[in-house]
Amino acid sequence: MKKLNYYYIMLILCCLLPSACEIDNYDGPDATIRGTIYDHQNQPFQVNQGAEIIRMREVSWSKGDTTVFIGNQTLKVQQDGTYQHTKWFSGEYRMLPYSGAFFPYDDEEQDGDDAGELVKISATTTKDFIVTPYLTIEWVKKPVVTADNYIECSVRFRRNQKAGYEMPDVREAWLLVSRNVNTGSRNLDLYPRKMDLTNDMEGQELTFRTDIPVKYIGIDYWIRISMNCQTAAGKPETNYPGMGADNFTTIEKIHVP
């Protein structure tokens with residue numbers, strides 16, 4: 001009986017084999033989509049490496065109804081706000097900066113089916129965006145290595161406001177120290193604690209210093225400061241998409257002699 005079952009299974013597999021081996025003749029991805037996200041001062045918007053903050057919804061298959069889509073896709077963005085994806089299918093998409101440390105991009109639709117901009121992608125297409133970040137963080141004293149091998153720097157932050165929206169409250173800040181240019185992770189050995197922030201610290205010079213000296217000499221470090229916000233006290237309407245995501249300074253490279 002077991003042998004008979006085995007022969008039946010083999011017969012079924014042999015019948016399925018020809019259909020499973022048919023050649024896939026569907027056209028592959030043939031387009032490149034690229035661009036830059038800028039802040040409201042026309043500076044590249046600083047993000048975490050690989051931040052998924054551009055939402056894509058393909059609508060070209062829906063025969064003219066641009067509110068119909070299958071599901072969301074996301075584009076990853078580099079730390080300096082640039083993005084480039086070379087394996088993309090040509091077509092018409094709704095593109096929307098979404099769920100990052102910035103005020104809602106589409107004032108009218110926000111998260112509706114029609115949210116975002118309609119973009120036709122073919123060959124090489126460039127699409128830039130301008131967002132209003134919750135915070136702008138500027139260097140006051142760029143990172144240096146002290147004589148006793150600590151890393152020090154200072155910044156100040158400014159809360160931004162977009163017409164029609166309330167400002168959230170600031171929450172916390174971190175000194176990010178990395179051995180490579182991808183400075184998204186926190187080095188808890190060098191800087192194990194956060195700095196709690198309050199709104200009245202806006203415009204003040206805030207100083208950061210590693211808790212211990214750097215261990216290695218003759219190498220490079222990459223430094224940046226991150227800060228985030230939270231829903232404003234008593235104002236639940238400020239719980240915008242991406243609330244809690246980090247705003248950043250630019251990345252500074254220093255050499256430890």
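Quick one: which of Asn182, Asn187 is more than 30 Å from Asp30 (Cα to Cα), open to solvent by 40 Å² or more (accessible area, probe 1.4 Å) and either assigned to a loop (DSSP other than H, G, I, E, B) or touching a strand residue (DSSP E or B) at 6+ places or on another chain (Cβ under 9 Å) (or both)? Explain how you work it out, then say what you get.
On the way: Asn182 fails: more than 30 Å from Asp30 (Cα to Cα).
It is Asn187.
The lone criterion from (1) under 16 Å from the mean Cα position of the chain (by Cα); (2) not in a loop (DSSP other than H, G, I, E, B) left unmet by Gly242 is number (2). Does segment 61-79 contain any residue that is part of a loop (DSSP other than H, G, I, E, B) and at pLDDT 90 or above? The answer is yes, given that some residue of segment 61-79 is part of a loop (DSSP other than H, G, I, E, B) and at pLDDT 90 or above.
On the stretch given as segment 95-112, residues that are farther than 23 Å from Ile33 by Cα, touching a residue at least 60 places away in the same chain (Cβ under 8 Å) and open to solvent by 10 Å² or more (accessible area, probe 1.4 Å) total 0.
Only one of the numbered conditions (1) touching a strand residue (DSSP E or B) at 6+ places or on another chain (Cβ under 7 Å); (2) modelled with pLDDT under 95; (3) basic (Lys, Arg); (4) surrounded by fewer than 16 Cβ atoms within 10 Å (Cβ to Cβ) is violated by Arg193, and that is (1).
Selection within segment 80-114: residues that are assigned to a strand (DSSP E or B) and within 14 Å of the chain's Cα centre (by Cα). The member of this set that is farthest from Thr238 (Cα to Cα) is Gln84.
Across segment 231-257, the number of residues qualifying as at pLDDT below 95, open to solvent by 60 Å² or more (accessible area, probe 1.4 Å) and on the phi > 0 side of the Ramachandran plot comes to 0. Filtering segment 139-175 to residues that are open to solvent by less than 50 Å² (accessible area, probe 1.4 Å), over 21 Å from Asp196 (Cα atoms) and outside any loop (DSSP other than H, G, I, E, B) leaves only Val145. Residues that are in a loop (DSSP other than H, G, I, E, B) and open to solvent by 20 Å² or more (accessible area, probe 1.4 Å) are absent from segment 219-230 altogether.
The values are calculated or read from the model by the stated rules, or taken from the named source; none is laboratory data. Nothing here was measured: the structure is a model prediction, and the numbers come from that model. Positions of Cβ are generated from backbone atoms using ideal geometry, with glycine treated the same way; all protein chains shown enter the neighbour counts. Just so you know, the surface numbers come from the protein's heavy atoms only, side chains and all, with ligands and any DNA or RNA stripped out. Shrake-Rupley method; radii C 1.70, N 1.55, O 1.52, S 1.80 Å.
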